[in-house]
Protein chains: 2
Amino acid sequence: MEEPVMKPYVIGLDLGGTNSVFGIVDSRGDIKATTAIKTQVYEKVEDYVEASVEALQAIIEQVGGIGTIKSMGIGAPNGNFYTGTIEFAPNLVWGHDGIVPLASMFSEKLGVPVALTNDANAAALGEMTYGAARGMKNFIEITLGTGVGSGIVINGQLVYGCDGFAGELGHITMVRGEQGRPCGCGRTGCLEAYCSATGVARTAREMLEKTDRPSLLRDLDSEKITSLDVSIAAEKGDQLAKDIYEFTGHMLGEACADFAAFSSPEAFIFFGGMTKAGDLIMKPVKEAFDAHVLKIFKGKAKFLISSLDGSSAAVLGASAVGWDL
Amino acid sequence: MEEPVMKPYVIGLDLGGTNSVFGIVDSRGDIKATTAIKTQVYEKVEDYVEASVEALQAIIEQVGGIGTIKSMGIGAPNGNFYTGTIEFAPNLVWGHDGIVPLASMFSEKLGVPVALTNDANAAALGEMTYGAARGMKNFIEITLGTGVGSGIVINGQLVYGCDGFAGELGHITMVRGEQGRPCGCGRTGCLEAYCSATGVARTAREMLEKTDRPSLLRDLDSEKITSLDVSIAAEKGDQLAKDIYEFTGHMLGEACADFAAFSSPEAFIFFGGMTKAGDLIMKPVKEAFDAHVLKIFKGKAKFLISSLDGSSAAVLGASAVGWDL
């Protein structure tokens, strides 16, 4: 009888609307080799997969050939873990009007098991495998970028729900009724409409319009203000900019208080561009959580910033999807 | 080597502030024997356990002796599954100001494994084992009684969180800020403050006070109106009473839309006295859910009433806790 051969690597693919970044990753999260192709130059998914596999061959050879590869994980917009498909992804040329069986297409070409999930779930799995959530069985990863995404881990497993799409905490309703801000999802009052980078920019415009308080932000074209502009102004001591983050963090903390009543996580872990604002946002998050959470949960959850932040975080997250296969 | 003996029964204990009801249950949910003692006549938990075991001996003999008993499950207020303890339960004479290791106390006396959890979690486990959720891996059980409780099942497992207390959906905030009704938990605006039996009665009083609309409910002492009075009036065609359930169901449906964004359950299952109002409450729940839920979840979740309703439901739920041991 042959001994089973340990396959030490997984492939991670961070599939974005513009670029597709591949990495070959070991179990400690070290990226051994990396490559990339443009996502948007391929009109047909078959051509996209062929180009991907061609790019992958070179780095697979670098690490010792396909025999060293256990599996492949993909983090992709609108990725469904249960079916291995990408479903109606608005930002993908070859994926916006149908269901693409991307996992099985890669699996056929490469001869290894392939799984995919959405970006926020991949981030949560990456955190659990290599990052701030190592050893945790119950935590919630919240991604703060252009939108607000989430990956929920309960009893050591990612929560996919009955259809593969659970964990859309960006679309919990925070402001009910007519006062709620319109959200990209077509509804109103969602967490994402307030606590995403876009939401912060909108809060800035509203505060500038509704008051005549002085602010460094008044020097900028109000239509072009970004969350980064707000955090730069806040760091310079601008009170209005600080208040914008106070408002944003407060709402996020109130939302976390509700999430605690649901799954009582050991930690909330924040990921993505907006976490660069640091205590500007984290301090009001924690204060609002403590002020609003049910008494039995008070002081139990940690509030952490992802330890995966940086350019390789998304590839690591994607690769983590592969380890369980 | 002896063959392992199949033990066909579990003991279920529905531990309430007034009564403690015991049942011996088989795997199909048939209650083979039952007994009860008063909970509140015992000032010391040791005496309570001794009296319980004495009452149990008689029914254990009826089913063939302790060798037929696999384990015992307890559904109790403030029960913590992880530790087997009851923690600061306000309605228990011997349990209101400390942590009582009830599972281990019963286990020592009976010589079988014992687990406990809170009432709403027991209801969810009962539903999964014998009731409307058989075969489901993802559902949310919502108990509508004096309070609003919940038991959440994800990937076929009950959600206990990091501390054993997850699943407090009655304390999700539905009305933020000063407009929120005071809740028994000391906070304001909780789902429970609106959608419990107590909440329905309060809605009735508010609607009677704030308008001069005619209603059968005006014949009653406004301070003593119950949710049952409201449903009786509604069944007689009283429009104000119907509007009270419309308001209640609408809020519950909006809450379920948020819960779907969290765990995308296959079904919401409602349990407890208020479900007797039937379509009066279920219809607005479904309508509000459809109107408010994120598009990808629309039409996916079933809305069911527990098939365990009735006098034995709580004992069945408690017994279900024992099967996994």
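The values are calculated or read from the model by the stated rules, or taken from the named source; none is laboratory data. In this text, all values refer to a predicted model and were calculated from it rather than measured experimentally. Cβ coordinates were reconstructed from backbone atoms using ideal geometry, including for glycine residues, and neighbour counts include every protein chain displayed.
If the condition is being buried (at least 23 other Cβ atoms within 10 Å of the Cβ) and in a helix (DSSP H, G or I), then the range A:107-128 contributes A:Asp119, A:Ala120, A:Asn121, A:Ala122, A:Ala123, A:Ala124, A:Leu125, A:Gly126, A:Glu127, A:Met128. Step by step: first the residues of the range B:101-141, then only those that are over 19 Å from B:Ile69 (Cα atoms) and among the charged types (D, E, K, R), then the one that is nearest to the chain's Cα centre (by Cα). Which residue is that? Restricting to residues being over 19 Å from B:Ile69 (Cα atoms) and among the charged types (D, E, K, R), the top hit is B:Asp119. In this structure, does B:Glu178 turn out to be over 19 Å from B:Glu246 (Cα atoms), in contact (Cβ under 8 Å) with a residue 60 or more places away in the chain and of a type in the set (D, E, K, R)? So B:Glu178 fails the test.
The residue that is surrounded by the most Cβ atoms within 10 Å (Cβ to Cβ), counting only those in the range B:42-51 that are within 24 Å of the chain's Cα centre (by Cα) and under 15 Å from B:Gly17 (Cβ atoms), is B:Tyr48. Here B:Ala260 meets each of (1) hydrophobic (A, V, I, L, M, F, W, C); (2) more than 9 Å from every other protein chain (Cβ to nearest Cβ); (3) out of contact with any strand residue (DSSP E or B) (no Cβ under 7 Å at 6 or more places or on another chain) with one exception, condition (2). Screening B:Asp238 against (1) over 19 Å from the mean Cα position of the chain (by Cα); (2) under 28 Å from B:Glu127 (Cα atoms) leaves a single unmet condition, (2). Tallying residues that are outside any loop (DSSP other than H, G, I, E, B) and surrounded by fewer than 16 Cβ atoms within 10 Å (Cβ to Cβ) within the range B:168-185 yields 4. Out of curiosity, is A:Met72 more than 14 Å from chain B (Cβ to nearest Cβ) and assigned to a strand (DSSP E or B)? Yes, satisfied. Restricting B:Gly322, B:Gly317, B:Gly278 to those that are surrounded by fewer than 20 Cβ atoms within 10 Å (Cβ to Cβ), more than 12 Å from chain A (Cβ to nearest Cβ), closer than 30 Å to B:Asp14 by Cα and not aromatic (Phe, Trp, Tyr) reduces the list to B:Gly278. Inspect the range B:41-56 for any residue being charged (D, E, K, R) and touching a strand residue (DSSP E or B) at 6+ places or on another chain (Cβ under 6 Å) and give the result as yes or no. No - not one qualifying residue is present in the range B:41-56.
Here is a check on your reading of the model: is B:Lys295 charged (D, E, K, R), touching a Cys at 6+ places or on another chain (Cβ under 9 Å) and modelled with pLDDT under 95? Yes: the conditions hold for B:Lys295. For the range A:186-218, a residue qualifies if it is over 17 Å from the mean Cα position of the chain (by Cα), on the phi < 0 side of the Ramachandran plot, assigned to a loop (DSSP other than H, G, I, E, B) and within 14 Å of chain B (Cβ to nearest Cβ), and exactly one does: A:Arg187. Among the residues of the range B:159-169, is there at least one that is within 20 Å of the chain's Cα centre (by Cα), more than 10 Å from chain A (Cβ to nearest Cβ) and of a type outside the set (Lys, Arg)? No, every residue in the range B:159-169 fails to be within 20 Å of the chain's Cα centre (by Cα), more than 10 Å from chain A (Cβ to nearest Cβ) and of a type outside the set (Lys, Arg).
Counting the residues of the range A:18-41 that are small (Gly, Ala, Ser), at pLDDT 95 or above and under 20 Å from the mean Cα position of the chain (by Cα) gives 3. Determine if the range A:193-205 includes at least one residue that is in the same structural domain as A:Phe259 (by the TED database), free of Cβ contacts under 8 Å to residues at least 24 places away in the same chain and not hydrophobic (A, V, I, L, M, F, W, C). Within the range A:193-205, one or more residues are in the same structural domain as A:Phe259 (by the TED database), free of Cβ contacts under 8 Å to residues at least 24 places away in the same chain and not hydrophobic (A, V, I, L, M, F, W, C). Would a scan of the range B:295-310 turn up a residue that is acidic (Asp, Glu), more than 14 Å from chain A (Cβ to nearest Cβ) and closer than 26 Å to A:Gly177 by Cα? No: zero hits. Any residue that is of a type in the set (Asp, Glu), free of Cβ contacts under 8 Å to residues at least 40 places away in the same chain and outside the structural domain of B:Tyr194 (by the TED database) - is there at least one of those in the range B:114-125? So far as the range B:114-125 goes, no, none of its residues is of a type in the set (Asp, Glu), free of Cβ contacts under 8 Å to residues at least 40 places away in the same chain and outside the structural domain of B:Tyr194 (by the TED database).
From the set of residues in the range B:235-255 that are in contact (Cβ under 8 Å) with a residue 40 or more places away in the chain and surrounded by fewer than 23 Cβ atoms within 10 Å (Cβ to Cβ), which is farthest from B:Thr143 (Cα to Cα)? Among those that are in contact (Cβ under 8 Å) with a residue 40 or more places away in the chain and surrounded by fewer than 23 Cβ atoms within 10 Å (Cβ to Cβ), it is B:Glu235. Would you be able to say whether some residue in the range B:42-57 is free of Cβ contacts under 8 Å to residues at least 40 places away in the same chain and under 14 Å from B:Gly75 (Cα atoms)? Within the range B:42-57, none of the residues are free of Cβ contacts under 8 Å to residues at least 40 places away in the same chain and under 14 Å from B:Gly75 (Cα atoms). For the range B:1-41, the tally of residues that are surrounded by fewer than 17 Cβ atoms within 10 Å (Cβ to Cβ), under 23 Å from B:Ala132 (Cβ atoms) and acidic (Asp, Glu) stands at 2.
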